[in-house]
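**Student:** First, the structure itself, so that you have it in front of you.
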Amino acid sequence: MMMAVSFERYGRLYYLDPGAYSPAIGDKVLVPTDSGPEVAECIWAPQWVSDDIDGLPVCAGLADADDLARDEQNRRRRAEARLAAKRLIREHELPMKLTAVDYVSSDNTFVVYFSAPQRVDFRALVRDLGGLLRSRVELRQIGPRDEARLQGGIGPCGRDLCCATFLKDFEPVSVRMAKDQDLPVNPLRIAGACGRLMCCLKYEHPLYLKAHKQMPSVGERVDTPSGPGKVVSRSVPGETVTVQMDESGRQCACKLADVCSSRKQHDEMYGKRLRDNAGE
């Protein structure tokens with residue numbers, strides 16, 4: 001059994017083992033963390049999964065009135081700390097941008113996340129903010145990808161950011177992956193909300209490599225139900241190829257299953273394999 005919860009509305013999903021509990025969508029549950037159980041909202045109700053998944057944290061139960069009151073108080077404290085931090089940043093004239101504030105109630109500690117183009121001397125800010133909040137304060141500088149994950153938002157595809165919903169780790173992304181997916185090498189087209197290359201270029205890359213091995217190449221001559229022609233473009237998500245017809249010169253989109261390579265190209269590709277296997 002597995003369930004998914006989120007600490008913020010439309011925020012990142014965390015997966016749990018429901019244990020002995022069966023919460024419904026929208027119920028408040030307790031999630032075990034390093035600083036103690038925290039309140040989260042059930043997004044996916046418990047359901048069976050075919051794969052064996054081990055190591056998931058176990059749901060600590062349904063949240064009661066005291067848990068909800070404590071969670072609401074922590075939210076108010078985070079909001080107060082955010083306003084105070086913004087005001088002090090302006091007063092100290094520090095070149096930094098506040099991204100998020102977290103509060104650990106077990107040891108009365110505020111963790112302030114910020115982004116900046118360079119290293120910032122924030123010792124005076126920590127001293128004044130700690131005295132104002134009467135708590136321990138930690139400041140952590142983060143990069144553009146972490147900033148986008150904490151803030152959330154909508155990606156170029158129109159969906160919630162992958163990093164803010166289900167991605168756990170950031171893996172290296174290269175321009176070569178965009179080229180392999182037939183995308184224009186234009187920063188405005190392949191950059192995400194963080195200004196860096198989109199994360200989906202990485203986890204969709206193997207799908208495109210596999211599809212390109214099965215699909216005819218651009219410029220290859222093929223036979224279609226409408227006649228012979230030349231491939232001018234390919235669409236991996238739609239499993240179609242655009243073919244320019246020899247007779248009329250017009251272009252039409254054909255399903256991959258309806259497109260056949262010429263006999264000569266077929267023999268050159270598969271005949272060579274047969275000869276190599278016979279030689280072995």
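The values are calculated or read from the model by the stated rules, or taken from the named source; none is laboratory data. Bear in mind that the values here come from a model prediction, so they are computed numbers and not experimental data. Neighbour counts are summed over all protein chains in view; Cβ atoms, including those assigned to glycine, are modelled from backbone coordinates with ideal geometry. The accessibility values were calculated without ligands, DNA or RNA, using every heavy atom of the protein model including side chains. Shrake-Rupley method; radii C 1.70, N 1.55, O 1.52, S 1.80 Å.
**Student:** Could you run through segment 105-141 and say how many residues are basic (Lys, Arg), closer than 15 Å to residue 80 by Cβ and touching a helix residue (DSSP H, G or I) at 6+ places or on another chain (Cβ under 7 Å)?
**Tutor:** Qualifying residue count, segment 105-141: 0.
**Student:** Just for segment 234-256: of the residues that are under 24 Å from residue 179 (Cβ atoms) and of a type in the set (Ser, Thr, Tyr), which one is surrounded by the fewest Cβ atoms within 10 Å (Cβ to Cβ)?
**Tutor:** 235
**Student:** Here's another thing I want to ask about it. Being open to solvent by less than 80 Å² (accessible area, probe 1.4 Å), over 28 Å from residue 9 (Cα atoms) and not small (Gly, Ala, Ser) is the filter here, so list the residues in segment 159-177 that pass it.
**Tutor:** Within segment 159-177, 173, 175, 177 qualify.
**Student:** Quick check on my filter: what residues within segment 130-171 are over 14 Å from the mean Cα position of the chain (by Cα) and of a type in the set (Ser, Thr, Tyr)?
**Tutor:** The answer is 135, and nothing else.
**Student:** If the Cβ limit is 6 Å and pairs must be 6+ apart or interchain, which residue in segment 218-242 that is farther than 10 Å from residue 256 by Cβ and of a type in the set (D, E, K, R) pairs with which residue that is open to solvent by less than 40 Å² (accessible area, probe 1.4 Å) and assigned to a strand (DSSP E or B)?
**Tutor:** Final answer for the pair search is 220/231.
**Student:** Quick test of your reading of the structure: residue 24 fulfils all but one of (1) surrounded by 15 or more Cβ atoms within 10 Å (Cβ to Cβ); (2) modelled with pLDDT of 90 or more. Name the failing condition by number.
**Tutor:** Among (1) surrounded by 15 or more Cβ atoms within 10 Å (Cβ to Cβ); (2) modelled with pLDDT of 90 or more, the lone unmet condition for residue 24 is (1).
**Student:** Within segment 148-158, which residues are of a type outside the set (A, V, I, L, M, F, W, C), free of Cβ contacts under 8 Å to residues at least 60 places away in the same chain and open to solvent by 30 Å² or more (accessible area, probe 1.4 Å)?
**Tutor:** Of everything in segment 148-158, those that are of a type outside the set (A, V, I, L, M, F, W, C), free of Cβ contacts under 8 Å to residues at least 60 places away in the same chain and open to solvent by 30 Å² or more (accessible area, probe 1.4 Å) turn out to be 151, 153, 156, 158.
**Student:** Looking at (1) in contact with a strand residue (DSSP E or B) (Cβ under 8 Å, 6 or more places away or on another chain); (2) of a type in the set (Gly, Ala, Ser); (3) loosely packed, with under 15 Cβ neighbours inside 10 Å, which one does residue 50 not meet, given that it meets all the others?
**Tutor:** (1)
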